[in-house]
Amino acid sequence: MIQIRFQNSAIKYGRYFFKFLPSLVLLLFFLTPANIVKAQTDRLFIKGDSLKNIDEGGERYREVIGNVEIYQGNLKITCNTAKDYYEKNEAELIGNVVAVQDTITIKTPRGHYWGNTRTVYSDAGVELSDSHYNLKAVKGFYYFNEKKADFTGDVNMSDKNSNLRAGHLTYYRDSDSAVAVNNVVVSDTSSVVFADSLIHNRKTRVSYGFNNVRIFNPLNKSIILAGRFANNDSTGYSKISVNPVFIQIDSTADGKADTLYISAKDMEAYQDSTDRFVASDSVKMFRTNFAAVNNLTTLFRKENRIFTYRLENDTRPPVVWYENSQLYGDSVYIEMEQKKLKLIKVFQNAFMLSLNEGYEFRYDQMSGRKIYMNFDAGEIKRIDIEGALLSIYYMYDNKEPNGLVKASSERGKMYFTDKKVDDVKLYGAVVSEYHPENVILGKEKDFTLPGFIIYKDRPVKKDFEMPAIKKALIELDEIIKNENGKYPNLKKREPEKSL
């Protein structure tokens, strides 16, 4: 009977043993030496010259004084004094605080460290440095597990080539990317960028800016204003959107300002061998005595060339105005020399009309397959027309109106003196007819060529005199001066050479 009872008991307790076996194995796993060591390393190890046990209102801590060293895993913190809240596994750090983990070094006059989350914080001015950048702020957290910095107040992040300032910045070390908000300013050797917020990845060298974007290049005195931009430094490609405006400040030989303004729905910049700038959709351009409207403009900045053409779904051609002349056609090519017009070419369905000064509706007109306007130092000298030329030009005798000549030919040339027509030459199958003044007076609208259109949306400077642009022009002047080294990486602009 005893033996049976024993067997029954063994069976009974054996069942309980196997029931709790998984929990027992799990317990034994956590009691292995490796996990005991891990548990110990999660606790802060603190040493110093002296130690005091203190109890303040029921909160107990050890005050460690002199040459304090704190260890947790591969993290080492040194300071003058530490309050070791051992029950919470955290410490208050006082005096010459330095935290080091791998290549990261954090310095601050005082701070607090939470061992359970491996987080350090300071509101006494904090500096974080790595092998390739330096980060400063009034206050900030650094999360060692996540390898993330969250800094606030006069944040400054810099490396050998660039400098970033913001009200708040979050930096992710693993991805080497930063998110900055509140009055963001980024400067490098050639530009300064302002934005309300910015995302920048240092590995991919891709940046995104949002709201109140202002991009300044003091070396070539250009400004871009927009609501958003994306930039890839590795490819040299940038896209600017949300009401972008491009401003290029030049000056004439006599020192007068001659500024180019371009607005569009979207803009793109290619900083490659072509160094081109592309504006698309509802493009407007303005410069002294020059304006244009189209849906696509490409500006080749190094070569001082502008090219635009009619897109497939455009309801109207690109239009260019020069002084009192209007040109349009399927495509337009513009070339500058020493910041002045050198050549305007209009290709396919080319049309030009020029209002005679002092008259309401007396337009010299010409059309052809191609029209070339040739300039000397920015002043019109000759117009060449090629292919199916048609023309109407008004005659004058001692400045008195004297009828008009209507002509056609295969090609022709028109010569100018002091911006007025001096001579007209026609070549190939020339046909011309003269209409006297008494026939055309009051009937000028009856004398127009096929395709004659007066476009009334010529951009003017007033279109670009918004408060934001005026402010940006002042900012550019301050950036060029760069007083007190506000933009430390920025190269100085060379003085302009006289033309």
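Bear in mind these aren't lab numbers, they're just calculated from the coordinates by the rules spelled out. This structure is a prediction, so every number in the text was calculated from the model and none was measured. Cβ: placed from backbone, ideal geometry, glycine included. Neighbour counts: every protein chain shown.
A few points about this structure:
- Hey, THR78 surrounded by 18 or more Cβ atoms within 10 Å (Cβ to Cβ) and assigned to a strand (DSSP E or B) or not: no
- Across segment 298-323, the number of residues qualifying as within 26 Å of LEU355 (Cα to Cα) and assigned to a strand (DSSP E or B) comes to 8.
- Residue, nearest to ASN294 (Cα to Cα), within segment 437-467, restricted to residues that are among the charged types (D, E, K, R) and without any contact (Cβ under 8 Å) to a residue 12 or more places away in the chain: LYS456
- Among the conditions (1) out of contact with any Ser or Thr (no Cβ under 9 Å at 6 or more places or on another chain); (2) assigned to a strand (DSSP E or B); (3) under 30 Å from GLY442 (Cα atoms), the only one that GLU335 does not satisfy is (3).
- Exactly one residue out of SER129, SER122 is surrounded by fewer than 18 Cβ atoms within 10 Å (Cβ to Cβ), in contact (Cβ under 8 Å) with a residue 24 or more places away in the chain, hydroxyl-bearing (Ser, Thr, Tyr) and within 30 Å of ASN161 (Cα to Cα): that is SER129.
- Options TYR393, TYR359: the member that is in a strand (DSSP E or B), under 23 Å from GLY451 (Cβ atoms) and under 50 Å from the mean Cα position of the chain (by Cα): TYR393
- Within segment 81-110, being polar (S, T, N, Q) and surrounded by 15 or more Cβ atoms within 10 Å (Cβ to Cβ) holds for THR81, ASN89, GLN101, THR105, THR108.
- Only a single item in (1) hydrophobic (A, V, I, L, M, F, W, C); (2) within 21 Å of VAL278 (Cα to Cα); (3) under 13 Å from the mean Cα position of the chain (by Cα); (4) buried (at least 19 other Cβ atoms within 10 Å of the Cβ) is not met by ALA195, and it is number (2).
- In segment 293-306, the residues that are crowded, with 17+ Cβ neighbours inside 10 Å reach residues that are among the aromatic types (Phe, Trp, Tyr) and outside any strand (DSSP E or B) with C-beta atoms within less than 8 angstrom, at least six apart or across chains, in these pairs: VAL293/TYR455.
- Filtered by the rule that a residue be touching a Lys or Arg at 6+ places or on another chain (Cβ under 7 Å), over 24 Å from LYS420 (Cβ atoms) and either surrounded by 18 or more Cβ atoms within 10 Å (Cβ to Cβ) or touching a residue at least 60 places away in the same chain (Cβ under 8 Å) (or both), segment 314-330 gives PRO317, PRO318.
- Matching residues, segment 270-283, being within 15 Å of GLN248 (Cα to Cα) and surrounded by fewer than 21 Cβ atoms within 10 Å (Cβ to Cβ): ASP275, ARG276, VAL278
- Screening GLU87, GLU63 for residues that are assigned to a strand (DSSP E or B), among the charged types (D, E, K, R) and free of Cβ contacts under 8 Å to residues at least 40 places away in the same chain leaves exactly one candidate, GLU63.
- Subset of segment 441-462 (residues that are surrounded by 15 or more Cβ atoms within 10 Å (Cβ to Cβ) and not in a loop (DSSP other than H, G, I, E, B)): GLU444
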